[in-house]
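Input: a single structure, listed below in structure tokens.
The values are calculated or read from the model by the stated rules, or taken from the named source; none is laboratory data. All values reported here derive from a predicted model rather than from experimental measurement. Here the Cβ positions follow ideal geometry from the backbone for every residue, glycine too, while neighbour counts run over all protein chains shown. Areas reflect the complete protein model, heavy atoms only, side chains present, ligands, DNA and RNA absent. Shrake-Rupley method; radii C 1.70, N 1.55, O 1.52, S 1.80 Å.
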Amino acid sequence: MAVALALAVSVQMTAWPSAAKSLQNYFADQTREIASSSLTNIQSLAQWQARRPELRREAAEMLGLDPMPARTDLKPVITGTLDRQDFIVEKIAFQSLPGLYVTGDLYLPKNTKKPAPAILYLCGHLAVVTNGISYGNKTAYQHHGIWMARNGYVCLIIDTLELGEIQGHHKGTYNLGMWWWNARGYTPAGVETWNAIRALDYLVSRPEVDASRLGVTGRSGGGAYSWFVAALDDRVKVAVPVAGIADLHSYLVDGTVDEHCDCMFLVNTYRWDYPLLAALCAPRPLLMENTDADALFPLSGVLRTHDFVKQVYDLYGAGTNFGLVIAPGPHRDTQDLQVPALRWLNIHLKHQDPVIETAAVKMFSPKELRVFDEIPADQINTRIEESFVPTAPVPAIPSSAAKWDRIRATWLAELRRKCFAGWPAEAGPPLVKLISSERAGVVDHLTWEFESQADVPLRINLVRKSGGSSLRRIILRLSDMPAETGDPGTAYAVFRPRGDEETGVRRRFMLIGQTLDGMRVWDICRAVQALKSVPEMRSAQVWIEAEGSLGVDALYASLFENQIAGLDLRRIPASHRDGPDYLNVLRVLDIPEAAAMAAENCALRLHPAETNGWDFLLAMARSPSAHLNLEWKP
């Protein structure tokens with residue numbers, strides 16, 4: 001099956017005259033492409049409303065929430081209370097999933113007409129740990145709960161996954177090397193969003209709460225989660241995200257991604273710019289807040305986001321429901337932000353605008369607000385990334401060739417749509433040009449450069465015996481192994497796909513709906529196309545030799561490029577948990593299933609890293625429903 005779809009070849013960093021500059025240009029070009037397409041064909045309210053349900057579904061999927069998990073029993077517990085003159089604090093915990101504990105403090109006003117409006121306050125990244133005990137970041141933001149209660153609101157402040165009393169993980173790709181999060185389609189932003197949705201479930205279960213008057217706010221990380229939950233849950237009637245969103249230009253071009261952990265981002269399968277997420281809040285009352293010297297959320301990105309979202313509010317004729325507050329100062333929680341937030345909530349949840357006289361102040365020690373004396377033994381918070389997003393089950397061995405064909409077709413379509421959507425939409429010719437040609441004795445050394453995608457040149461080095469017979473075979477090695485010159489009918493080519501594995505670079509790919517390895521698959525396809533475009537090589541068979549993760553990349557390239565005659569792959573892992581990361585791939589299949597498809601497309605000589613985990617491939621090799629050309633070389 002030839003690649004009729006867009007395959008993108010990327011570049012080995014050393015192949016560019018200025019690698020860093022070229023990468024910067026690449027990400028800037030990709031960012032512009034994504035931003036310019038965000039509101040394509042949306043000129044009317046009817047067009048937006050027709051598109052909105054699918055956009056919301058896509059947002060949920062990119063958070064790992066499509067389908068939504070089952071709303072299991074919250075099993076709420078109150079472990080203590082704190083009684084003050086004008087409010088009460090209940091120390092609570094509930095389970096958003098069995099064993100996934102959410103700890104929080106519920107601030108209940110006294111002498112207020114019931115039921116009252118309620119605010120879900122979502123916390124940013126402030127750790128509160130003493131002598132190895134985490135009291136939860138809810139304790140750092142207690143002044144917001146106290147202030148809300150004193151102003152007549154029920155306010156629930158919940159801990160985050162990473163900085164709660166039970167400390168999970170936000171930094172899988174940031175500094176823990178857990179690139180398999182991409183393969184699984186997992187982001188802790190999904191857990192934070194789900195916990196917030198279940199926190200709303202808890203709030204509406206309380207008799208003190210008016211379920212028709214729910215608001216959400218939070219700052220920094222809590223601002224981001226406010227965007228996520230408001231976009232997905234219409235029970236949120238008013239939202240005030242503070243310093244929690246910018247656009248892709250801020251993250252990639254300005255480089256703020258380097259300061260943010262994974263909880264701030266979607267798994268960007270559908271290549272969204274973040275203002276599109278914010279627009280899903282329309283037409284409900286929404287106040288954006290930020291400071292003018294915030295290095296994490298630069299003002300320029302905030303203003304671009306505002307201008308984008310305003311277009312959607314204007315479609316509704318709801319411009320007065322959308323506001324912007326820019327306060328002076330850096331990334332800090334100040335009264336200049338707190339007072340406008342409370343005013344917005346008062347206006348839209350209470351339909352009042354009283355003078356705000358009291359200030360938000362802290363009153364409790366972290367220990368007083370702690371929910372658990374001991375962490376529950378059945379908690380799964382510290383390993384939720386292992387189960388939050390289900391992986392695709394290994395299918396039964398198909399009983400007929402027709403069933404196998406249907407499975408293969410589904411997998412290929414899902415791979416293209418969910419894992420490699422960041423490939424270019426169209427693939428032009430690779431524009432091959434000969435860079436150098438030298439003869440050393442009886443050996444020719446040739447170097448070609450080709451274009452894998454716009455402004456991304458790559459090089460292939462090839463050796464062959466001079467003169468003699470026409471080429472019958474090309475061995476394409478995805479390594480820096482020295483080329484051989486034995487059989488005059490065989491040429492040996494060396495090619496390295498793009499190769500900068502620095503964490504910041506890999507995370508930038510992730511944010512634009514790509515991964516480094518996903519683009520390497522494209523590179524390999526384009527390298528084969530480049531070789532086969534050279535007239536004297538058109539009749540030669542192309543075999544690829546590779547090992548490890550590059551071997552897996554070659555395996556996937558053979559699914560989309562039918563000019564690959566064979567693969568000789570060594571030390572190949574049996575799972576993407578240990579191998580290259582493509583977005584969402586484990587939600588579709590794993591390496592043994594891809595290998596079974598590859599062995600029908602071309603000859604496959606496989607030297608696995610270990611023999612366990614290959615049951616599906618070996619069973620398919622024995623099955624009459626498939627015709628695998630497989631050499632198993634354990």
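Taking (1) in contact (Cβ under 8 Å) with a residue 60 or more places away in the chain; (2) out of contact with any Asp or Glu (no Cβ under 7 Å at 6 or more places or on another chain); (3) open to solvent by 10 Å² or more (accessible area, probe 1.4 Å) in turn, R219 satisfies each apart from (2).
Exactly one residue out of S226, S212 is part of a helix (DSSP H, G or I) and either in contact with a strand residue (DSSP E or B) (Cβ under 6 Å, 6 or more places away or on another chain) or free of Cβ contacts under 8 Å to residues at least 60 places away in the same chain (or both), and it is S226. Taking region 384-410 as the range and being open to solvent by 60 Å² or more (accessible area, probe 1.4 Å), in contact (Cβ under 8 Å) with a residue 60 or more places away in the chain and not in a loop (DSSP other than H, G, I, E, B) as the test, only K403 passes. Does T40 qualify as being at pLDDT below 95, closer than 21 Å to K418 by Cα and hydroxyl-bearing (S, T, Y)? Taking the combined requirement at face value, the residue satisfies it. The conditions of being of a type in the set (A, V, I, L, M), within 24 Å of the chain's Cα centre (by Cα) and farther than 27 Å from R472 by Cα are met by V505. Going through (1) closer than 30 Å to W180 by Cα; (2) of a type in the set (V, I, T); (3) open to solvent by 10 Å² or more (accessible area, probe 1.4 Å) one by one, V257 falls short only on (3).
Residues of region 565-580 being open to solvent by less than 30 Å² (accessible area, probe 1.4 Å) and under 31 Å from the mean Cα position of the chain (by Cα), which ones? Correct list: L567, L569, I572, P573, A574, S575, H576, G579, P580.
When we screen A413, A401, A409, A392 for residues that are touching a Lys or Arg at 6+ places or on another chain (Cβ under 6 Å), farther than 30 Å from V77 by Cα, at pLDDT 95 or above and not aromatic (F, W, Y), the only hit is A392. Within region 137-157, the only residue that satisfies the criterion of being in contact with a Phe, Trp or Tyr (Cβ under 9 Å, 6 or more places away or on another chain), outside any helix (DSSP H, G or I) and over 25 Å from K113 (Cβ atoms) is Y141. Of the residues making up region 516-541, those that are surrounded by fewer than 24 Cβ atoms within 10 Å (Cβ to Cβ) and touching a Leu at 6+ places or on another chain (Cβ under 6 Å) are M537, A540. Just one of the listed residues (A599, A603) is open to solvent by less than 10 Å² (accessible area, probe 1.4 Å) and more than 30 Å from D500 (Cβ to Cβ), namely A599. Residue count for region 487-514, restricted to those that are open to solvent by 10 Å² or more (accessible area, probe 1.4 Å), in contact with a Phe, Trp or Tyr (Cβ under 8 Å, 6 or more places away or on another chain) and not in a helix (DSSP H, G or I): 0. Strands (runs of 3 or more DSSP E) fully within region 35-127 that include at least 2 residues being buried (at least 20 other Cβ atoms within 10 Å of the Cβ): 87-97, 100-109, 116-122.
Rundown of residues vs (1) assigned to a loop (DSSP other than H, G, I, E, B); (2) open to solvent by less than 10 Å² (accessible area, probe 1.4 Å); (3) touching a Cys at 6+ places or on another chain (Cβ under 9 Å); (4) free of Cβ contacts under 8 Å to residues at least 24 places away in the same chain, yes/no style:
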{"position": "R284", "(1), (2), (3), (4)": "yes, no, no, no"}
{"position": "M288", "(1), (2), (3), (4)": "no, yes, no, no"}
{"position": "A295", "(1), (2), (3), (4)": "yes, no, no, no"}
{"position": "V302", "(1), (2), (3), (4)": "no, yes, no, no"}
{"position": "T305", "(1), (2), (3), (4)": "no, yes, no, no"}
{"position": "V309", "(1), (2), (3), (4)": "no, yes, yes, no"}
{"position": "D314", "(1), (2), (3), (4)": "no, no, no, yes"}
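Within the bounds of region 54-64, is there any residue that is at positive phi and modelled with pLDDT of 95 or more? Walk me through it before giving the result.
Going residue by residue through region 54-64, those that are at positive phi are 64.
Narrowing further to those that are modelled with pLDDT of 95 or more: 64.
The answer is yes, given that some residue of region 54-64 is at positive phi and modelled with pLDDT of 95 or more.
Those residues that are under 19 Å from G152 (Cβ atoms) and of a type in the set (A, V, I, L, M, F, W, C), I need them from region 80-101; list them, please. Scanning region 80-101 gives L82, F87, I88, V89. Does D615 count as of a type in the set (D, E, K, R), open to solvent by less than 10 Å² (accessible area, probe 1.4 Å) and within 32 Å of the chain's Cα centre (by Cα)? Taking the combined requirement at face value, the residue does not satisfy it.
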